[in-house]
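Shown next, in structure tokens, is the structure this report addresses.
The values are calculated or read from the model by the stated rules, or taken from the named source; none is laboratory data. Worth saying up front: this structure is predicted, and the values here are computed from it rather than measured. Neighbour counts run over all protein chains shown; Cβ positions are idealised from the backbone, glycine included. Surface accessibility is based on the protein's heavy atoms, side chains included, excluding ligands, DNA and RNA. Shrake-Rupley method; radii C 1.70, N 1.55, O 1.52, S 1.80 Å.
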Amino acid sequence: MPRSRRGQRLSHSDLLLRPDTPGRGDRKLDAIIVPSARPASSLEHAAGLAEELNVPLMVLASRKARGAEIVQKIEDWGIVADVIVIDMPARPIQQLPALETTADMFVDTPFRRKTDVSAKRNLGLLLARAIGWRQVMFLDDDITIPDALDLRRAAELLDGHAAVGLEIKGMLDNSVVCHARRDLGDNQGTFVGGGALVVPTARDDGAFFPNIYNEDWFFLLDHTGIRPVTRTGQAQQLWYDPYVDPDRARGEELGDTLAEGVFAAVSEDGKIDAAMDDGYWVGFLEVRRGLIGDLLRRAEARPASQRRSHMVEALKAARGRSFLIEPVACKRFLRAWDRDLRAWQDAFGDVRPDFGIHGAVSHFGLRQSATIRLNRTGPAPKEPRLRQARKRLEDQERRLAVTRR
């Protein structure tokens, strides 16, 4: 195939469908699923949402997140909700389908991913399917939802869409390279992400999250192009410094390159066929490295500051990692992903959606690592904890405003 000169786009909003009418919030969400690696204190908002919407909360926990601590914290807060916490086992879960992109493809290479968020989301999909939940919300533990009804409005749009995301505000949802583009003056956009995403689990054409950065973008694709996806409502992500650790840029570079390259092909052709050939990636990698080099020169031209220094080091890390990416590896990953998608759809379709919570946990061999507290005994309280917390914050802000005068 001839070398492609397509480059990375500032926005992929053209790939999002626009709903004819906004949802009214009449559709009941079945559950909120949180892949958590932070301490139990980071789950207060998600638990409050579960209480307010009267839905179960499932937490897939690892690293600093511990099941028993999470359940105890939720009880200490006085939040009444059904809670299922799974401490992710160290061993592979035998009932999960074997995926080429998850198993050995990048093991013992510089591209090995250090986070388990893809495994958590895939397990969440299978558990939701087995329990019988038909629509679930994936919510990261550093994201808050100002209006809980936005989750129901999003669920209402699933009849015509394969996924519905909330618009991320606060700390915008971008890679290190894309954050640098925005901070250096480019009109960098954002897209739908897995941190606040409502998905169906009742259909057999479901997708999976490959073990790579931007796994949520690949979740939105099928064998030909992007699935019907839209966006509604808002979420707030906590602030973090994208540049302070150059390893973040290194860890993102392969997944960011692959996802941006595939989405560029889909934006231009409506399908991913071009990205299945290594000739496409020869040109795209050349343009990507030129982009990072340009951003690096612009960053170095800025007045000296600690943030400027961190940005320069992060961009150097991204550029260095980019030169390790071979066009044939990009093609190999995408072909493996295509085979994995077929394997996942077969395995997902085989899951019987009538196990219930305890049965699903047992079916996937997670009984020893699960803590289940089914506390909901009636309707949601008239004054949910989430609303009470917002009132407390508003009162504090009013008192501070008076103090400043």
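Mind checking whether some residue in the stretch 241-256 is over 21 Å from Phe323 (Cβ atoms), at pLDDT below 95 and part of a loop (DSSP other than H, G, I, E, B)? No, there is no match, as no residue in the stretch 241-256 is over 21 Å from Phe323 (Cβ atoms), at pLDDT below 95 and part of a loop (DSSP other than H, G, I, E, B). Whenever a residue of the stretch 267-294 is touching a residue at least 12 places away in the same chain (Cβ under 8 Å) and open to solvent by less than 20 Å² (accessible area, probe 1.4 Å), its partners that are hydroxyl-bearing (Ser, Thr, Tyr) and assigned to a helix (DSSP H, G or I), lying with C-beta atoms within less than 6 angstrom and at least six residues away or across chains, give the pairs Ala274/Tyr280; Arg288/Thr257. On the basis of being farther than 14 Å from His12 by Cα and open to solvent by 50 Å² or more (accessible area, probe 1.4 Å), does Val244 make the cut? So Val244 passes the test. Screening Ala264 with (1) under 25 Å from the mean Cα position of the chain (by Cα); (2) open to solvent by 10 Å² or more (accessible area, probe 1.4 Å); (3) within 23 Å of Thr224 (Cβ to Cβ) gives one miss only, at (2). The residue that is surrounded by the most Cβ atoms within 10 Å (Cβ to Cβ), among those in the stretch 303-340 that are among the basic types (Lys, Arg) and under 18 Å from Pro242 (Cα atoms), is Arg321. For residues that are assigned to a helix (DSSP H, G or I) and within 18 Å of Gly185 (Cα to Cα), tally how many sit in the stretch 289-316. Summing the residues that are assigned to a helix (DSSP H, G or I) and within 18 Å of Gly185 (Cα to Cα) in the stretch 289-316 gives 19.
Checked against the criterion of being out of contact with any helix residue (DSSP H, G or I) (no Cβ under 6 Å at 6 or more places or on another chain) and of a type in the set (A, V, I, L, M, F, W, C), the candidates Ala265, Ala301, Ala274 yield just one match: Ala301.
Checked across the stretch 46-67, the condition of being part of a helix (DSSP H, G or I) and among the β-branched types (Val, Ile, Thr) holds for no residue. Quick check on the stretch 144-166. Is at least one of its residues under 30 Å from Glu313 (Cα atoms), at pLDDT 95 or above and not small (Gly, Ala, Ser)? No, every residue in the stretch 144-166 fails to be under 30 Å from Glu313 (Cα atoms), at pLDDT 95 or above and not small (Gly, Ala, Ser).
Selection of the stretch 41-66 for residues being within 19 Å of Thr115 (Cβ to Cβ) and open to solvent by less than 40 Å² (accessible area, probe 1.4 Å) yields Ser42, Leu43, Ala46, Met58, Val59, Leu60, Ala61, Ser62, Ala65. Considering the stretch 247-261, the residues that are open to solvent by 10 Å² or more (accessible area, probe 1.4 Å) and acidic (Asp, Glu) include one that is farthest from Val328 (Cα to Cα), namely Asp247.
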